[in-house]
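Okay, so here's the structure we're looking at.
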Amino acid sequence: MNFHEYQAKQLFAEFGIPVPAGKVAASADEAVEVATALGGEAWMVKAQIHAGGRGKAGGVKYCRSHDEVRAAAAGMLGTRMETYQSAGVALPVNLVLVAEATDIVKELYLSALVDRASKTVSFIVSAEGGVEIEKVAEENPDAIHTVEVDYIEGLMPYHCREIGFAMGLTVKQVGMLTRIMTGIYRLFMAKDLSLVELNPLAIVKGGELMALDGKINSDDNADFRHPELVAMRDVSQEDATEVEAAKHHLNYVTMDGNIACMVNGAGLAMATMDVIKLSGGEPANFLDVGGGTNAERVKEAFKLILANDNVKVILVNIFGGIVRCDLIAEGIINAVKEVGCTIPVIARLEGTNVEQGRQMLANSGFAIEPATDLNDAARKAVAAAK
């Protein structure tokens, strides 16, 4: 699950990580009220969407007056914003964060993530932060430092000191960095997070370190332990079909192609998409209905698939290990009938009672074409899509 910047900063503050004072607003008038309450002579107005790169898209404005705050907020709220990190999707701007402006001396980069290769929580730190961190990684990899934190030992102060002095920080700043990294590690473990990113972690006027921007991702598998995080979810930032799929315990991801996939098992779903690509087609989605799927879940899956106007054909690939193929065939037939499916359906079934299932599909009277194997199914789906 993703979080807005203002939510990330709320969590940072709880764990002792310094952030600029600020508050969200849902209207231009509220934005001016926040700026007035904060005081000072300059403020940042920042669009709240689940994507980075907002500054380059006009979603971050430096304002020197209340009139500029009002104009910046009015120009963002109620619009949709696309950035180079939003995967071609324009996200709605329902809130803006109004925060006190800071004098930045230098921008640093700091993140913590789950590193599957080393099986640790790893910190990635660089003295060259800011919006161009990807460019730094490509052109000057020696400027990036990594710490792999032993799960039993945890993050130790010497880890932070080594990183701080390697970045050229002063003794005082190394102490600040140690407190910030320790706070991030505590936050990461306490909330079952998968990513924390501070970009920039800035050295501000006076020499202090402060998190000027923040990104957090949590592990959905731990949602049951963190109702306080679930309450922060903003579904307006998510694909509507994916949100609906989650209500029916379906794993669905929207893609750009025209061949819809309905598969039981994540690995089989990935293989199905690969074979579609190898056969010259483009998958319209990833959809895992689960190993123990049933007729009701098949029906809901068809509804989700048909909500995408780009879909020209549906490829069903089911392995009947836990469930019987004849029951799946019955579910497919009932789903096609109930939802009024008018596009071709290619169905590849394998496993328990597969012959009965194939025969039921062939005799259904609907445009459901059985396939003998996955390659055959993919070829037929690509041909039907064309």
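Values as computed for the structure displayed
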| quantity | calculated |
| --- | --- |
| Gyration tensor verdict on region 263-386 (Cα atoms; rounded if a/c is under 1.5, prolate if a/b is larger than b/c, oblate otherwise) | rounded |
| Crossing angle, helix 5-14 versus the chain [Cα axis fit, 0-90 degrees, rounded to tens] | 60 |
| Sites Asp274 and Ala137, calculated FRET efficiency, Cβ-Cβ separation with R0 30 Å, nearest 0.05 | 0.60 |
| Positive dipole terminus of the chain, leading residue within Gly154, Met210, Val316 (C-beta point charges) | Val316 |
| On Cα atoms only, tilt of 325-339 relative to the major axis of the chain in degrees | 80 |
| Length added when fully stretched, Ala222-Ser65, from 0.36 nm per residue minus Cα-Cα | 52.2 nm |
| Whether region 1-101 is rounded, prolate or oblate, judged on the alpha carbon gyration tensor where a/c under 1.5 counts as rounded | oblate |
| Test item: Cα-centred dipole of the chain, Lys/Arg +1 and Asp/Glu -1 on Cβ, debye | 280 |
| Theoretical gain in end-to-end length, Thr36 to Met156 [0.36 nm per residue, Cα-Cα removed] | 39.0 nm |
| Cα gyration tensor category, rounded, prolate or oblate, for region 90-130 with a/c compared to 1.5 | oblate |
| Net charge dipole size for region 137-206 [Lys, Arg +1 and Asp, Glu -1 on Cβ; Debye, nearest 20] | 580 |
| Label assignment, semi-axes √(5λ) of the Cα gyration tensor in Å derived from the structure, set (1) 48, 25, 17; (2) 44, 24, 18; (3) 34, 27, 22 | (1) |
| Point-to-point label distance, Asp376-Val89, nm (Cα→Cβ direction, 7 Å offset) | 3.7 |
| Among Gly39, Ala166, Met232 - extreme Cα towards positive end, dipole of the chain, charges at beta-carbon | Met232 |
| Rounded tilt (10° steps) of 374-385 against the dominant C-alpha axis of the chain | 80 |
| For q = 0.16 Å⁻¹, Debye-computed log10 I/I(0) when each Cα of region 43-158 counts as one equal scatterer | -0.92 |
| Contour excess over end-to-end distance, with Cα ends at Val339 and Gln10 and 0.36 nm allotted per residue | 114.0 nm |
| Mean-position separation - Cα centroids, region 126-171 and region 329-386, in angstrom | 53 |
| Positive dipole terminus of the chain, leading residue within Ile49, Ala381, Leu201 (C-beta point charges) | Ala381 |
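Values in this text are rule-based calculations from the coordinates and carry no lab data. All of these numbers come straight from a predicted model, not from anything done at the bench. A quick note on method: Cβ atoms are made from the backbone with ideal geometry, for glycine too, and the neighbour counts reach across all protein chains shown.
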